Amino acid sequence: MKFIHVSDLHLVPKGDKLWGLDPFVRLETCLDDIIKLHSDAAFVVISGDLAEKGDVLAYRQLKARLADFPIETHVMLGNHDDRAHFLSVFTEGPKDDNGFVQSAITRDGTRFLFLDTLKGPPSSAGLYCAQRQAWLKTELAAAGKHPLYLFMHHPPFAIAHDLMDLIMLDDAEDFLALLHGHAVRHIFFGHAHRPISGQFRGMSFSAPPSLVHQLPLVSDSVATIYSDEPAMYAVVHAAADKIVVHMDAFLNRHPADMDPQAERGTWH
């Protein structure tokens, strides 16, 4: 099965810019690229920070754009989002019985859980409170021994980044305790504005960069808090025996300085 992971759109109203970039144009380019090259994807997940300021207009414009996007898409919330504003626009959107933007789907015998880790201002950290934990417990129990993939905005563990580790999931150990004994194969998150992958307590994980500004790996390696580095989305291939996550720098994909027919012979 193939699916796509996108994160951290930071949309502002169409025509406006954020730190010198146009988030809506970036989103349009990303979606067009996915349609062109990955129309066979089972679904797309956008894991939060949909809108820079959580404003209603940005959500309306996002909803309108996704209305004619031909691939099933699941949108989630991050720390820049406003849950009430989001639900006022995505009125039919996914939410649990307590109004958190959480949902689950099953594809090819595999369970995918989309979590709501929005804590709310003024904090940029994440939170997974008792009500949300209760929903997750139910979903984990219902999944049984089926493979599980989790999507969330905030990482539930430190990622060796001096800024991001200050604003990860607040109640990370309580959250991780819920996963013990369940068949969680991979955790997808955003928030970090960096391409990240690794393994934590036997679970693999990955995160794509933002579609707009990034965070330098080392603070003060550039003069500004954010950096201008390639935007990427993740193309995920999941099977019973493996998971492969490709990060595609779709805005930086240019021909090499070579003849178009060079190196096209047999490689094996």
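Read the figures in this text as sums done on the coordinates, not as results from a lab. The structure presented is a predicted model; accordingly, all values stated were derived computationally and were not measured. Every residue, glycine among them, receives a Cβ derived from its backbone with ideal geometry; neighbour counts consider all protein chains shown.
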Count the DSSP beta bridges whose two residues both fall in region 87-244, then state the antiparallel fraction as a percent rounded to the nearest 5.
55
Nitroxide proxy distance, nm - points 7 Å out along Cα→Cβ at residue 201 and residue 83
2.3
Once you order the gyration tensor axes a ≥ b ≥ c over the Cα atoms, which shape class does region 158-268 get: rounded for a/c under 1.5, otherwise prolate or oblate by comparing a/b with b/c?
oblate
Taking every DSSP bridge whose two residues both lie in the chain, the antiparallel percent to the nearest 5 is 55
Below 8 Å, C-alpha to C-alpha, sequence gap of six or more: please give me the relative contact order for the chain in percent.
18
What are the trypsin sites (Lys or Arg not before Pro) within region 108-192 that DSSP puts in a loop, where the Cβ has at most 11 other Cβ atoms within 10 Å?
145
Rounded to the nearest 500, the 222 nm mean residue ellipticity computed for the chain from DSSP H runs (n ≥ 4, each -39500 (n - 2.57)) alone is -6500 deg cm²/dmol
Under a crude label model (7 Å from the Cα following the beta-carbon direction), how far is residue 165 from residue 133 in nanometres?
2.4
Based on alpha-carbon centroids, what's the gap between region 131-164 and region 61-94 in Å, whole number please?
20
Roughly what would the spin-label model give for residue 251 and residue 173, points 7 Å off Cα along C-beta, in nm?
4.0
Using Cα pairs closer than 8 Å and at least 6 residues apart in sequence, work out the relative contact order for region 1-84, in percent.
38
Would you mind getting me the FRET efficiency between residue 14 and residue 241? Use the beta-carbon distance for r and R0 = 35 Å, nearest 0.05.
0.20
Among 212, 268, 236, flag the residue with its Cα farthest along the positive direction of the charge dipole of region 184-268, charges on Cβ as +1 for Lys/Arg and -1 for Asp/Glu.
236
Looking only at 231, 256, 134, which one moves most when the chain is put into a Gaussian network model with springs between Cα atoms under 10 Å?
256
Gain in span if fully extended, residue 219 to residue 36, counting 0.36 nm per residue against the direct Cα distance
62.3 nm
Please enumerate, by chain and number, the aspartates and glutamates with C-alpha under 20 Å from the C-alpha of residue 137, excluding those fewer than 8 residues away in the same chain.
96, 97, 116, 170, 171, 173, 174
